[in-house]
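Working notes, beginning with the structure itself.
The values are calculated or read from the model by the stated rules, or taken from the named source; none is laboratory data. Since the model is a prediction, treat every value here as computed from it, not as a measurement. So basically every Cβ, Gly included, is an ideal-geometry build from the backbone, and we count neighbours across all protein chains shown. SASA here: full protein model, heavy atoms, side chains in, ligands and nucleic acids out. Shrake-Rupley method; radii C 1.70, N 1.55, O 1.52, S 1.80 Å.
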Amino acid sequence: HFQPQGAAFQTVRGTFLFSGNATRQQGNTASINESQQIHSWADFLLGMPTNAGKVDQLRNPNSVWWKQYAFYARDHWQIGRRVTLTYGLRYERFPVPRKDNTGINRFDPDTGQVFTGGLSGVPFDSGAESGLGQLLPRVGIAFRFNDKTVIRGGYGQSADPRPFQDVRNAYPIANIWSMPAIFFNGASNSFIPVTTLRQGLINTSATPNVNAGVLPLPANTGTTTFPKEPMRDRIHSFNFFIERELPSKFTAQVGYVGTRAVNQMGFIDINAGPPGTGTNGRPLFVKFGLTQGISSIQPYGTTTYDALQALLTRRFGNSVFGTAYTWSKAINFADNDGGPRIQYMPEKQRNRGLAGYDRTHNLQTYLVYDLPFGKGQRWAQGGLAGKLFGGFQVSGVMSVMSGLPFSVVQGTAPNLLAAGSAQIPNQLNPNIRILDGVGLASQRGAAAGPYFDNTVLGINCTANCAWAPENGARFGGVGRNTLRGPGFFETDLSIYRTILITEKVQFQFRAEALNATNHANFANPTSDINNSNFGFITGTTGPNQSRQWRFGARVSF
């Protein structure tokens, strides 16, 4: 990397954030619930940012690389005529990553120091261990019940594959810093601006010595790290299927698929504090005076996946038809590389919920069909008719899926004072009505409406409301990903024409229509109760948000 990457808001040029807290009246519920944009704009006009920071890259280029080792042994055992057993053992090892000229930059929360391997007598692994690796067994069995029915099952383990490329951005090479909180009468809170636009950005910490093997992490600087003890856990995968040949050349299979990613790794802020404590509540502030978040790549929560999967196919000549259906449920604590919304570890279970990529129902139907005209087909095998109608192939894919889950959140939380975490509101009605409205009035006029019951106590509702802001030093009560957005539908169609120029040369013309029905798939509604569009769908989603035509030609020889 030649340009540094910051944390939540730090950029290479520097950034000021205006949350609206500086001009909002503390303890006034009406003031808290007013439009966030109004107060943010007032903060900006007065030049009073709530956060300010920057990231500096002190060595160019900046990179990180690592090796991975694996080998496996496998055997097949034919147990009689009907039973086949497959068993094996895999070994995987992920050594500690390194940089081009040094070891990795690793922050140690026990000492408050950053260690750089290979410098000042620090071992090249920066004091971290990768362990001896993992032995991962796998086993599978196939039982031929009769000539038309096969029963299969399997179980296997694999190592959590999470790489550590994000430690490339660790201190001191990437010096990510923020303006420290201002203390007034011995206390700090989110209402006091950290600087002014007139004063600008000032890094109160000294520029680090990138050639030192041991450095203290400055108080106003965040970083990325990982534990010094090996903590890579296992993924358990298992399945059971029955496959049967049906009349009319159909083949069907149905089965169960499950996965348990035990203690799946994520970005965990090990310097997150409890509500009501602000910066003073950060555990590493108490020990070392550190005021910023420390992102540790470490195990967090177990991800589960359970599914009923079914497949029906039929082949006829060079053509094939198939339909696949999945009924599934995926539960986790955070999606992909993202960290949990509530980072305070004692409240970890609040983050458990449906995965953001969970789709309860997923139906996929596909067809590839050679039209029965032309050479080798049923009709018009020769002559003018064969030349006019031969060589055509049509295909299509239809996707029908449930919508994606989403969480109702509270973006403005001036009284939460839980460093490193964000807030959620309270749900007053246990059953939120889905209204299926689409669009704002400015987009669709009288046809517009909210997608779900978006009534918020004190904002657009005074009685029988669905939601209420959490105005105290509490996280709030609503769960994660408790609502689901609109479903997804798309059909892609194509037609190919292949012309045989000679016995060895073919010309093919292709025409494809993506989202052939021009169906609009709507995105999830705005889910922040402090947003003026809360509850409304304001856009579409998907790779093909409108019908797209593609044309192509190729010559094969």
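Observations, loosely collected:
- Close pairs from segment 536-557: first closer than 22 Å to Gly445 by Cβ, partner outside any loop (DSSP other than H, G, I, E, B), Cβ under 6 Å, at least 6 apart: Ile537/Phe522; Thr540/Phe522
- Listed by first and then second residue, the pairs linking a residue in segment 55-66 that is touching a residue at least 12 places away in the same chain (Cβ under 8 Å) to a residue that is among the hydroxyl-bearing types (Ser, Thr, Tyr), with Cβ atoms under 9 Å apart and 6 or more places separating them unless they lie on different chains, are Val55/Thr11; Asp56/Thr207; Leu58/Thr207.
- So Ser295, is it at pLDDT below 95 and open to solvent by less than 50 Å² (accessible area, probe 1.4 Å): yes
- Odd one out for Val96 among (1) crowded, with 17+ Cβ neighbours inside 10 Å; (2) aliphatic (A, V, I, L, M); (3) not in a loop (DSSP other than H, G, I, E, B): (3)
- In segment 99-127, the residue that is nearest to Thr149 (Cα to Cα) out of those that are of a type in the set (Ser, Thr, Tyr) and open to solvent by 40 Å² or more (accessible area, probe 1.4 Å) is Thr111.
- Only one of the numbered conditions (1) more than 19 Å from Leu404 (Cβ to Cβ); (2) open to solvent by less than 60 Å² (accessible area, probe 1.4 Å); (3) touching a residue at least 12 places away in the same chain (Cβ under 8 Å); (4) of a type outside the set (Phe, Trp, Tyr) is violated by Gly487, and that is (1).
- Matching residues, segment 525-557, being in a loop (DSSP other than H, G, I, E, B) and either open to solvent by 50 Å² or more (accessible area, probe 1.4 Å) or charged (D, E, K, R) (or both): Asn531, Ser532, Thr538, Thr541, Pro543, Gln545, Ser546, Arg547, Phe557
- The lone exception for Ile499 - which of (1) surrounded by 18 or more Cβ atoms within 10 Å (Cβ to Cβ); (2) part of a strand (DSSP E or B) it fails: (1)
- Within segment 353-392, the set of residues being outside any loop (DSSP other than H, G, I, E, B), under 29 Å from Ala252 (Cα atoms) and open to solvent by less than 40 Å² (accessible area, probe 1.4 Å) comprises Thr365, Asp370.
- Where Ser395 falls short, out of the listed (1) part of a strand (DSSP E or B); (2) surrounded by 19 or more Cβ atoms within 10 Å (Cβ to Cβ): (2)
- Being of a type in the set (A, V, I, L, M, F, W, C), over 30 Å from Asn515 (Cα atoms) and under 30 Å from the mean Cα position of the chain (by Cα) is a property that Ala419 has.
- Restricting attention to segment 257-292, the residues that are crowded, with 19+ Cβ neighbours inside 10 Å, of a type in the set (A, V, I, L, M) and part of a strand (DSSP E or B) add up to 3.
- Residues (surrounded by fewer than 17 Cβ atoms within 10 Å (Cβ to Cβ), not basic (Lys, Arg) and not in a strand (DSSP E or B)) located in segment 48-92: Leu58, Asn60, Pro61, Ser63, Trp66, Gln68, Gly80
- Criterion (at pLDDT 85 or above and of a type in the set (S, T, N, Q)) met by exactly one of Asn211, Asn169, Asn189: Asn211
- Positions within segment 426-475 being open to solvent by 60 Å² or more (accessible area, probe 1.4 Å), of a type in the set (A, V, I, L, M, F, W, C) and part of a loop (DSSP other than H, G, I, E, B), in sequence order: Leu428, Leu435, Ile459, Ala463
- Counting only strands (runs of 3 or more DSSP E) wholly contained in segment 134-240, the ones carrying 2 or more residues that are open to solvent by 70 Å² or more (accessible area, probe 1.4 Å) and touching a residue at least 24 places away in the same chain (Cβ under 8 Å) occupy 134-146, 149-159.
- Top-ranked residue of segment 398-411 - restricted to ones that are within 16 Å of Ile342 (Cβ to Cβ) and outside any strand (DSSP E or B), ranked as least open to solvent (accessible area, probe 1.4 Å): Val408
- Residue within segment 315-322 that is crowded, with 16+ Cβ neighbours inside 10 Å and of a type in the set (Val, Ile, Thr) present: no
- When segment 241-256 is limited to residues that are hydroxyl-bearing (Ser, Thr, Tyr) and not in a helix (DSSP H, G or I), the one that is nearest to Leu416 (Cα to Cα) turns out to be Tyr256.
- Candidates Asp337, Asp306: the one that is part of a strand (DSSP E or B), in contact (Cβ under 8 Å) with a residue 40 or more places away in the chain, open to solvent by 40 Å² or more (accessible area, probe 1.4 Å) and among the acidic types (Asp, Glu) is Asp306.
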